[in-house]
2 protein chains.
Amino acid sequence: MEPDIKIILREILLGFWKVHILHHAAEGPVVGQWMLQELRRHGYEVSPGTMYPLLQRMERNGWLRSEVNPEGGPRARKSYYLTQRGHEVLEFLRERVEELWMEITNEAEH
Amino acid sequence: MEPDIKIILREILLGFWKVHILHHAAEGPVVGQWMLQELRRHGYEVSPGTMYPLLQRMERNGWLRSEVNPEGGPRARKSYYLTQRGHEVLEFLRERVEELWMEITNEAEH
DNA sequence: GACATTATTACGATAACCGACTACGATTGG
DNA sequence: CCAATCGTAGTCGGTTATCGTAATAATGTC
């Protein structure tokens with residue numbers, strides 16, 4: 001089991017913490033570094049090279065919008081907010097998570 | 001929202017139906033075509049070119065094992081069974097799904 | 001000036017998608 | 001009874017996009 005963790009993380013859990021991100025963005029602005037820590041807390045080891053392109057994609061998709069101090073230079077810290085569209089996506093995902101949860105906990109011991 | 005579905009599917013829901021597969025394999029042997037239908041029923045459009053390599057990877061990882069009629073030729077139908085290791089992986093995933101579910105439904109309106 | 005924080009980038013490896021294709025079996029029709 | 005057709009199941013090829021690692025750059029702080 002232990003050696004499978006990395007494979008599971010990449011193969012399956014990738015989408016899970018993306019939901020986390022949207023969820024957190026709904027509660028307040030999200031910053032890349034903070035999100036990396038938060039995910040580590042949950043056992044998801046995510047690298048910057050994965051996180052930042054992801055946040056950019058989500059912004060490109062219109063799920064997040066970012067604010068940045070224009071004086072801060074090209075690597076200034078960016079705060080991401082959930083957009084209206086992002087809220088709809090999150091709601092949709094909530095339903096999917098619930099559906100999955102219901103399905104796999106139905107342990108009727110066949 | 002509508003146009004986002006495809007993106008969501010690829011970006012986030014990919015892992016979800018992989019859990020579905022393991023779950024179904026725990027209940028009984030799983031066949032590619034049947035699984036494709038089952039996922040369509042849940043709204044996940046997956047192409048054969050995605051499904052079959054995935055099943056092969058899962059077998060390679062030791063989560064599934066396949067049985068096939070040796071007389072059936074190179075494209076004979078394969079039945080996939082969940083291995084002991086697959087059970088452990090599934091159990092691990094159950095916990096992760098629960099954790100995610102708990103987290104995102106905790107709507108304490110901050 | 002040294003150090004911490006934060007984000008960006010490059011690049012190799014792998015996965016995902018689409019669609020066309022192959023192989024076998026069952027059914028139908030002359 | 002043979003042959004053509006259709007349905008089912010899985011494979012393959014080529015392109016695109018994502019992930020991971022690690023190095024890098026810019027700004028703020030002591």
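Classify segment A:42-91: rounded, prolate or oblate, from the alpha-carbon gyration tensor (a ≥ b ≥ c, eigenvalue square roots; a/c under 1.5 rounded; otherwise prolate if a/b is larger than b/c)? Cα axes put segment A:42-91 in the oblate bin. Here the Gaussian network model covers chain A, with springs between Cα atoms less than 10 Å apart; of A:LEU22, A:LEU82, A:LEU100, A:LEU100 fluctuates the most. Spin-label model, A:TRP34/B:HIS42: points 7 Å from Cα along the beta carbon direction are separated by 3.3 nm. For segment B:57-110, applying the loop criterion from DSSP together with a ceiling of 11 other beta carbons within 10 Å to the trypsin sites (Lys or Arg not before Pro) yields B:ARG75. With R₀ set to 45 Å, the beta-carbon distance separating B:SER66 from A:ARG85 gives a calculated FRET efficiency near 0.60. Between B:HIS23, B:HIS42, B:HIS87, the Gaussian network model of chain B with springs among Cα atoms under 10 angstrom shows the greatest mean-square fluctuation at B:HIS42.
For B:LYS78, the residues whose amide H sits under 5 Å from its own are B:GLY32, ignoring neighbours fewer than 5 places away on the same chain, with H placed 1.01 Å from N.
Within the listed set A:PRO74, A:PRO48, A:PRO29, the residue fluctuating most in the Gaussian network model of chain A (springs between alpha-carbon atoms under 10 angstrom) is A:PRO74.
In the protein assembly as shown, what percent of the accessible surface is made up of carbon and sulfur (1.4 Å probe, ligands and nucleic acids excluded)? Carbon with sulfur: 48 percent of the solvent-accessible area. Of B:GLN56, B:HIS24, B:GLY73, which is farthest along the charge dipole of chain B in the positive direction, counting Lys and Arg as +1 and Asp and Glu as -1 at C-beta? Farthest towards the positive end: B:GLY73. Over the protein assembly as shown, the alpha carbon radius of gyration divided by the compact-protein estimate 2.2 N^0.38 Å works out to 1.11. Its Cα gyration tensor gives chain B an equivalent ellipsoid, and the semi-axes of that ellipsoid, as √(5λ) in whole Å with the largest first, are 29, 18, 10.
Per residue, chain A exposes 55 Å² of accessible surface when a 1.4 Å probe is rolled over the protein heavy atoms with every protein chain present.
Accessible surface buried by the A/B pair amounts to about 4400 Å², both sides summed, 1.4 Å probe.
The values are calculated or read from the model by the stated rules, or taken from the named source; none is laboratory data. Since the structure is predicted, the reported quantities are computational estimates derived from the model, not experimental observations. Glycine gets a Cβ as well: all are built from the backbone with ideal geometry, and neighbour counts include every protein chain shown. What goes into the accessible areas is simple: the full protein's heavy atoms, side chains included, and nothing from ligands, DNA or RNA. Shrake-Rupley method; radii C 1.70, N 1.55, O 1.52, S 1.80 Å.
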